[in-house]
Structure formats: C-alpha cells, structure tokens
Amino acid sequence: MLNQFSRTELIFGKNAMEILQKSRVAVFGIGGVGGYTVEALARSGVGSLDLIDDDKVCLTNINRQILATRKTVGKYKVDVAEERIYEINPDCKVTTYKTFYMPDTKNQFDFSQYDYIVDAIDTVTGKLELVMNAGACKTPIICSMGAGNKVNASAFEVADIYDTSVCPLARVMRYECRRRGIKKLKVVYSKEKPIRPIEDMTISCRQHCICPPGTARKCTQRRDIPGSTAFVPSVVGLIIAGEVIKDLTKFDREAQ
C-alpha cells in the first residue's frame, strides 16, 4: 500500500521497512546534529524514538537547528521534536526525557531496550558514560565528534574512533576509550582543523545571554562558545541517521 515511506521502501525493501517500524532508537542530544538525526529517522519509518535533552530552543539555535524557529524559541527541544515527529508519522511511539545525560542521570535509562543509540551530546563525560552503558548492554552506538567551528561539510566521514585524527574531541575520546578498554567505537568526524571563533563581544553570549527563562545550562557557563553554520551540523546528523538505518536493516549496497 502506498504510504509516506513508499519511496524509502523502493530502496530498502519491505522486510527492511518492517524492521525499522519495530526498532527503538534513543537519540541523546536534540540540537544541531541530533535534531537532523531525529528528523531522518522519523522520515525513514523508525517506529519508536526516545529523545533525551533538557535544553530549550534559543534564538541563537535558529542558524543551524531544524527544530529552532521564531515560533519554537523558549520551548523544550524534545517537546518540539515530539510534535514534529507526530506530524511526519502519527504511528511513531515517542518517549521524551527532559534530562541532561551524565553519570548521575544514567539510571533513568535501560539501554537494553534500545536497538540503537545515537550520541549527539557535547560533553566528554556524558559521551563516555553513554558508550560504557551501551557496551554493557551490547547495544550499537554511534557518536558525533566535533561539528562546531567547521565549514567543510564534505570532510565528515564514518570511522572507528582509533582511526580518527586532527579532531580535538576525537583525540580526547580516543585516549579515554583506550583507558577504559573500549575496543571499538563508530563515530562521525572530520579532519578539518577547527576555526577559532571571532572574539566579538557585541555578538557574544558571554555578555548578551538570551537563553530562555528556566534554562538549566546557559552558554555563559561554557569554557568556549563555538561558532556554527547551517550546513555542517545538519550533514553530520544525516550521516549518523544513515548509518543507523543501514545497520538496523543490515543493508548491503553490493547485494542489491
């Protein structure tokens, strides 16, 4: 029967679409990268999505986050994402958590219930906790490395963490993964050297914070406030979604 996923089925086949419909994917971080990942997963027919993020949409998110518009500023990102998913696929089961994932919040989640985990958060401590918990449950995970301060969207690639280079976040993750005995980890990263953001206090969140009221983690608390573009985080998010879809369905292009 013709439906909103018919064009996808022409590529992957009916069995794959049934697998996606029965799959449950958790996306940690619904910002520039994670928002586009959620969008693509929903449009690909994934049947259950767990969205984890405690942040609200800020005016400065509009330049790069698919969930951010003038209309959604001040709303929780997971709430905006949930509404958008239902407009795409009313049959999708969406579970939201207004939670900042860290070691002290990990007990809110049972990783064994997920078929795949997406790490799109930006703290090393949280990322490592996700990787360790996913590994303990043998749940596949893919992690986003640094997407801020970069302009070459075509430079991003999928690799094992131990095959990465240049990216500062990947360097820290390599070191910490090795310390913890993590043998492998699928990531999306770029060898492009990050650009140092312009230090212009007239447009800096340092002196002109406009985070919505009630925001738990303001930009002013960051050590550095990264620059960003509309076209880099989106590409990273879509690459991640593609890997999740292909892994879940065990898609083999050569076999087609």
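Derivation of every value follows stated rules applied to the coordinates shown; laboratory data play no part. What you see is a predicted model, and the numbers here were worked out from it, not measured in a lab. Here Cβ is always computed from backbone atoms with ideal geometry, including for glycine, and neighbour counts include all displayed protein chains.
Summary of computed values
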| quantity | calculated |
| --- | --- |
| Nearest-ten-degree value, helix 232-249 long axis tilted from longest Cα axis of the chain | 30 |
| 5 angstrom amide H check on M102, placed H, neighbours 5+ away | none |
| Cα long-axis angle, helix 77-88 against the chain (0 to 90 degrees, to the nearest 10) | 30 |
| Karplus (6.51, -1.76, 1.60) ³J(HN,Hα), θ = phi - 60°, over segment 164-180, in Hz, Gly and Pro reported as x | 7, 7, 6, 4, x, 5, 5, 4, 5, 5, 4, 4, 6, 5, 5, 4, 8 |
| Selected from L20, N3, G45, residue furthest toward positive end of dipole (segment 1-155; charges at beta carbon) | N3 |
| Nearest-ten-degree value, helix 32-43 long axis tilted from longest Cα axis of the chain | 20 |
| Unit charges on C-beta of K, R, D, E only; dipole of segment 11-109, Debye | 160 |
| The chain, helix-only ellipticity at 222 nm - DSSP H runs n ≥ 4, -39,500 (n - 2.57), divided by all residues, nearest 500 | -10000 deg cm²/dmol |
| Per-bin percent of Cα-Cα distances, segment 69-116 [10 Å] | 21, 40, 32, 6 |
| FRET E, pair L59, T125, Förster distance 22 Å, beta-carbon r, rounded to 0.05 | 0.20 |
| Peptides ranked, highest mean first, by Cβ atoms within 10 Å: ranges 92-102, 78-88, 141-151 | 141-151, 78-88, 92-102 |
| Under-5 Å amide H pairs with C58, H placed in peptide plane, nonlocal only | G74 |
| Residue-wise HN-Hα coupling along segment 152-158, computed from phi with Karplus coefficients 6.51, -1.76, 1.60 (Hz; x: Gly, Pro) | 9, 5, 6, 7, 6, 8, 9 |
| Qualifying trypsin sites (Lys or Arg not before Pro) for segment 34-77 [loop in DSSP, other Cβ within 10 Å: at most 13] | R70, K71 |
